[in-house]
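Quick notes on the structure that follows.
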């Protein structure tokens, strides 16, 4: 929105409502800070990562500067985020229902090589929904072995 203000009123994020209960969801990715193992100054880089992610005021400034959705609940609820980044309002409404998916050996393998082909098979009538779900479950779980 900051880069393309002409589109300010032409799009929005929409989240699919739950079939029942709370709109619980899992997040398997997001904005992250990493430090290269080849860095000559890993200790300083990790100090910076901690500085911008563990102190609420620093995390707030990082999110505002980068335009990213806050990971820290106290930052997500801050008035500055709502005022300066109105496009994240929908995401912040469901923020309390988010849960961390956990560590996956290869997220892209699961999404692109396992889930996606089975969804296509269901859409094309090659397999049933139940067959696809059973295959996805077995194949995704096998990536942890």
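Read-outs: derived from the displayed coordinates by stated rules, not from any lab. Given the structure is predicted, the values throughout are model-derived calculations rather than measurements.
If the chain between residue 108 and residue 65 were fully stretched, how many nm would it gain, using 0.36 nm times the residue separation less the Cα-Cα distance?
Numbers: separation 43, 0.36 × 43 = 15.48 nm, distance 2.82 nm.
Difference between extended and current length: 12.7 nm.
As I understand it, the value is the acute angle between the Cα axis of helix 42-54 and the longest principal axis of the Cα atoms of the chain; what does it come to in degrees, rounded to 10?
It is inclined by approximately 90 degrees.
Could you tell me the extents of segment 59-126's C-alpha atoms along the three principal axes, largest first, rounded to whole Å?
Here the Cα extents, ordered largest to smallest, are 50, 25, 22 Å.
Averaged across orientations, what area in nm² does the convex hull of the alpha carbons in segment 12-100 project?
Values: hull surface 27.4 nm².
If you wrap the Cα atoms of segment 12-100 in a convex hull and average its projections, you get 6.9 nm².
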